[in-house]
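Enquirer: Mind looking over this structure? Questions follow.
The values are calculated or read from the model by the stated rules, or taken from the named source; none is laboratory data. Predicted model only: the values in this text are computed from it and were never measured. Neighbour counts are summed over all protein chains in view; Cβ atoms, including those assigned to glycine, are modelled from backbone coordinates with ideal geometry.
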Amino acid sequence: MRNEFGIKASTKTIQKVFREEGLTRPRRSKRSKQRDLRAWKEANFEPLQYWQVDTKDCVDVPWYVERIYNRGFPRYLYQARDVRAGVLYSAFAYENTSTNAMLFMRRLFTFLTDLGMDLGEVVVQTDNGTEYVRNSNDLTKQSACERVIAGAGARLVRIPPRQCTYQSEVERANGIIEYELLARLSADRK
């Protein structure tokens, strides 16, 4: 404004006038954004019906990697997190394979069935990791994980390639697990 229109007032004064006249949007606090996101999740998701699933390779956790190589701890952590309630379902594995992903899905569905959930209302969101996608050039063949999801009557949703933020709930859980559980396991085993 000063450069374009030759206004002699200071930048702070110009900002103050704009605010007083209602020409700017007030900044939203982090808490208000979190409240709005929580309200949106409550309006759009039922508890235990929308799950984000991911696999974490624990070899990048400094205090856990020594246990993997020297003490035979499992390297991979399969996790499913409910978007609405934040429930986290986890399992360790020694290999990152479609078979382990399939077994993890079966256990998750057994858990939900034991709670009385209708699996026809469950949605499972995964990334495009090799443990979840088809391992064949034949696109008519489903992966083992896809067959379990389809067989249970649940719906599978894949995130677009290179869109990590679509898995933010389970990735946040990965961070929590890394710094709380795996660090604790390492401290207890010393």
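Enquirer: Regarding Asp138, is this residue surrounded by fewer than 12 Cβ atoms within 10 Å (Cβ to Cβ), farther than 16 Å from Asp82 by Cβ, without any contact (Cβ under 8 Å) to a residue 60 or more places away in the chain and acidic (Asp, Glu)?
Expert: Considered against the rule, which asks whether it is surrounded by fewer than 12 Cβ atoms within 10 Å (Cβ to Cβ), farther than 16 Å from Asp82 by Cβ, without any contact (Cβ under 8 Å) to a residue 60 or more places away in the chain and acidic (Asp, Glu), Asp138 comes out as yes.
Enquirer: Residues to consider are Gln167, Gln163; find the one that is within 24 Å of Arg38 (Cα to Cα), at pLDDT below 85 and out of contact with any strand residue (DSSP E or B) (no Cβ under 9 Å at 6 or more places or on another chain).
Expert: Gln163
Enquirer: Ok, one more. Need the failing condition index for Glu95 against (1) within 22 Å of Arg75 (Cα to Cα); (2) free of Cβ contacts under 8 Å to residues at least 40 places away in the same chain; (3) of a type in the set (D, E, K, R); (4) surrounded by 14 or more Cβ atoms within 10 Å (Cβ to Cβ), just the number.
Expert: Here Glu95 clears every test but (4).
Enquirer: Could you list, in sequence order, the residues of the stretch 84-137 that are part of a helix (DSSP H, G or I), more than 21 Å from Ile159 (Cβ to Cβ) and among the small types (Gly, Ala, Ser)?
Expert: Once the filter is applied, which keeps residues that are part of a helix (DSSP H, G or I), more than 21 Å from Ile159 (Cβ to Cβ) and among the small types (Gly, Ala, Ser), the stretch 84-137 yields only Gly120.
Enquirer: Just to check your reading of the model, which residue among Ala150, Ala85 is modelled with pLDDT of 90 or more, out of contact with any Gly (no Cβ under 6 Å at 6 or more places or on another chain) and either closer than 27 Å to Tyr69 by Cβ or not basic (Lys, Arg) (or both)? Reasoning before the result, please.
Expert: Values: Ala85 fails: modelled with pLDDT of 90 or more.
Only one candidate qualifies: Ala150.
Enquirer: Evaluate the following for Leu77: is it under 24 Å from Val157 (Cβ atoms), in contact (Cβ under 8 Å) with a residue 60 or more places away in the chain and of a type in the set (A, V, I, L, M)? Outline the logic, then answer.
Expert: Working: under 24 Å from Val157 (Cβ atoms): yes; in contact (Cβ under 8 Å) with a residue 60 or more places away in the chain: yes; of a type in the set (A, V, I, L, M): yes.
So Leu77 fits the description; yes.
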